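Only the coordinates and a few stated rules stand behind these numbers; no lab work does. Note that the coordinates shown come from a computational prediction; the quantities given were computed from them, not determined experimentally. Quick reminder, even Gly has a Cβ in these numbers, built from the backbone with ideal geometry, and neighbours come from all protein chains shown.
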Amino acid sequence: MEMLPRQIADALLAHNRTLATAESCTGGLVGAALTDLPGSSAWYLGGIVAYANSLKTRLLGVPPEMLAAHGAVSPETARAMAEGARACTNADFAVSITGIAGPGGGTPGKPVGLVFLAVASPAGTATFEHRFSGARPEIRAAATQAALRHLLDAFQAAPPAKP
C-alpha cells in the first residue's frame, strides 16, 4: 500500500502543494495510509473524519438540503466534502470518500459496497462511483486504495504546478 502514498508525496513535494482528506466510511484509513510515510507533514495538512451528517454539515460545509435530497452516500455529497475539506484547510488538493461499508445500511438503490469519491483541486472537482464487494474490511480497504489511485491520477492528468 506504500507505493501510492509515496507517489502522491513525490508529486506534491515536486510542486510544493498540499493535501487534505475528508472521510466517512473509511474512518481515517486514507489519512492513515498517507501519514504512514515519514515526512508527510511537509505536504499533508490533515483530515476530517465526518461520519455523522451533522459533522459533514458543520465541519465540511455540506448543505443540509443536499443531504436531505441526495443522502450522505452520493456524488453530490462526495463533491461537497472534498471542496469543504479543501476550503477549511486551505489545501491545494483534497480527496473525499463516502459510502456504505456494511454489513448493514444498504438499500436496493444504494447497496453495501457503494462508494463515492471526489478529488478537489485548483482545476475543479471530479467525482467517482465504485461498487466494491466483500466484507466491511475489504470494502474499506478497496475504497482507500481507490481514493489514493484517483488522487494520483488527478496529478498525472494535470500536474499540480503552482500558477
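So for segment 30-39 (the condition being surrounded by 14 or more Cβ atoms within 10 Å (Cβ to Cβ) and of a type in the set (V, I, T)), does at least one residue qualify?
yes
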| remark: Within segment 125-146, residues being touching a His at 6+ places or on another chain (Cβ under 8 Å) and part of a loop (DSSP other than H, G, I, E, B) number 0
| Tabulated pairs, segment 14-40, first free of Cβ contacts under 8 Å to residues at least 24 places away in the same chain, second crowded, with 16+ Cβ neighbours inside 10 Å and among the charged types (D, E, K, R), C-beta under 9 angstrom, 6+ apart or interchain | G31/E23
| query | Consider T125 against the criteria (1) β-branched (V, I, T); (2) over 27 Å from D10 (Cα atoms); (3) in contact with a helix residue (DSSP H, G or I) (Cβ under 9 Å, 6 or more places away or on another chain): it satisfies all of them except one. Which criterion is unmet? | reply | (2)
| said: Can you tell me which of (1) closer than 16 Å to A22 by Cβ; (2) small (G, A, S); (3) touching a strand residue (DSSP E or B) at 6+ places or on another chain (Cβ under 6 Å) is the one G84 doesn't meet? | reply: (3)
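Inside segment 1-113, counting only helices (runs of 4 or more DSSP H) that do not spill past its ends, which hold 1 or more residues that are under 16 Å from the mean Cα position of the chain (by Cα), over 17 Å from E129 (Cβ atoms) and among the acidic types (D, E)?
Helices (runs of 4 or more DSSP H) meeting the threshold: 75-89.
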